[in-house]
1. Within the set of pairs 6 or more residues apart or between chains, which connect a residue that is under 20 Å from VAL125 (Cβ atoms) inside region 170-197 to a residue that is open to solvent by 50 Å² or more (accessible area, probe 1.4 Å) and modelled with pLDDT under 90 with Cβ atoms less than 7 Å apart?
2. Could you tell me whether any residue of region 67-77 is modelled with pLDDT of 95 or more, of a type in the set (S, T, N, Q) and closer than 17 Å to SER214 by Cα?
3. Checking the structure you have, find out if any residue of region 26-45 is in contact (Cβ under 8 Å) with a residue 40 or more places away in the chain, within 21 Å of SER214 (Cα to Cα) and aliphatic (A, V, I, L, M).
4. In region 132-158, what residues are at pLDDT 90 or above and out of contact with any helix residue (DSSP H, G or I) (no Cβ under 9 Å at 6 or more places or on another chain)?
5. Please go through region 164-208 and give me each residue that is modelled with pLDDT under 95, among the acidic types (Asp, Glu) and open to solvent by 50 Å² or more (accessible area, probe 1.4 Å), ordered by number.
6. Considering only region 53-97, how many residues are open to solvent by less than 10 Å² (accessible area, probe 1.4 Å), in contact with a strand residue (DSSP E or B) (Cβ under 8 Å, 6 or more places away or on another chain) and under 23 Å from GLU37 (Cβ atoms)?
7. Look at region 1-18 and say how many of its residues are in contact with a strand residue (DSSP E or B) (Cβ under 9 Å, 6 or more places away or on another chain), more than 25 Å from GLU88 (Cα to Cα) and open to solvent by 10 Å² or more (accessible area, probe 1.4 Å).
8. Mind checking which helices (runs of 4 or more DSSP H) fall wholly inside region 149-246 and carry at least 3 residues that are more than 19 Å from GLY133 (Cβ to Cβ)?
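The values are calculated or read from the model by the stated rules, or taken from the named source; none is laboratory data. Computed from a prediction, not measured in an experiment: that's the story for all the values here. Using ideal geometry, Cβ is built from the backbone for each residue, glycine included, and neighbour counts are taken over all protein chains shown. Just so you know, the surface numbers come from the protein's heavy atoms only, side chains and all, with ligands and any DNA or RNA stripped out. Shrake-Rupley method; radii C 1.70, N 1.55, O 1.52, S 1.80 Å.
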Amino acid sequence: MDVALFVPCYIDQFYPQVAMATVELLERHGCRVIFPEDQTCCGQPMSNSGFRDDARPLAEKFLRVFGKYDHVVSPSGSCVSMVRNHYEPLIGERANTMRGRVFELCEFLHDVLKAKVKGRFPQKVGLHRSCHGLRELRLGSGSERFVPSHDKVKALLAGIEGLEICEAARPDECCGFGGTFAVDEAAISSRMGQDRIREHEKNEVSLITGTDTSCLMHLEGLLRREKKAIRVLHVAELLAQAEASA
């Protein structure tokens, strides 16, 4: 199966290892990964800030770059949700042509490839539920307010030996990143992130994982500034490391 890889801006610039782990996972599960080199930002930062006229050309370009592929995969729930759920106000009905072809990584592994991940990762890990993945992509949650038919992320993690997954007490609450919200409301954003970290500390986890590098980047910044021992690791990296140990 041919898969076009969509790499969000912040992963490209700050966390390229997440993209490489995504490629490793997809190839290990039988995909031929194609990276269209003329891809750019999906337009989410502009759209979220109210600058639709600036976001529209980026949505147009996304369709030109990725429109010929049947499967487009990204290790970012927020960017996938932008394309699937928020392109229509920018480019009209043409947005519908991509809606069934753009997937978040865990969603694609679970729903399309029916992947069964095996390996070893002997750590106690906190699972962070990003807002876009939880509410718009319905990847899975322990909260009664957002229960989908199946928890896709946990299903992928279930086959990993030694891995203990711990849910936060309030799994449906935002970490405070919210894209430009973290810039406009830095103090509130930090307090929200600190609340999430305290819940993971109560569970005595050594690591926090999740499907969105943006949220993990926010939490990692708070952990570093407060000199806490907990690390963060994107779920793609966790899965790839676990499988490599099998």
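1. PRO171/GLY142; ASP172/ARG145
2. Going through region 67-77, the residues modelled with pLDDT of 95 or more turn out to be 67-75.
Right, trim to of a type in the set (S, T, N, Q) and you get 74.
From what is left, the residues that are closer than 17 Å to SER214 by Cα are 74.
Yes, there is a match, as at least one residue in region 67-77 is modelled with pLDDT of 95 or more, of a type in the set (S, T, N, Q) and closer than 17 Å to SER214 by Cα.
3. Here is the first cut: in region 26-45, the residues in contact (Cβ under 8 Å) with a residue 40 or more places away in the chain are 26, 28-31, 42-45.
Subsequent filtering for residues that are within 21 Å of SER214 (Cα to Cα) retains 42-45.
Right, trim to aliphatic (A, V, I, L, M) and you get none.
Scanning region 26-45 turns up no residue that is in contact (Cβ under 8 Å) with a residue 40 or more places away in the chain, within 21 Å of SER214 (Cα to Cα) and aliphatic (A, V, I, L, M).
4. Once the filter is applied, which keeps residues that are at pLDDT 90 or above and out of contact with any helix residue (DSSP H, G or I) (no Cβ under 9 Å at 6 or more places or on another chain), region 132-158 yields LYS154, ALA158.
5. The answer is GLU173, ASP184, GLU185.
6. 8
7. Total satisfying the criteria: 4.
8. Result: 186-202, 213-225, 235-244.
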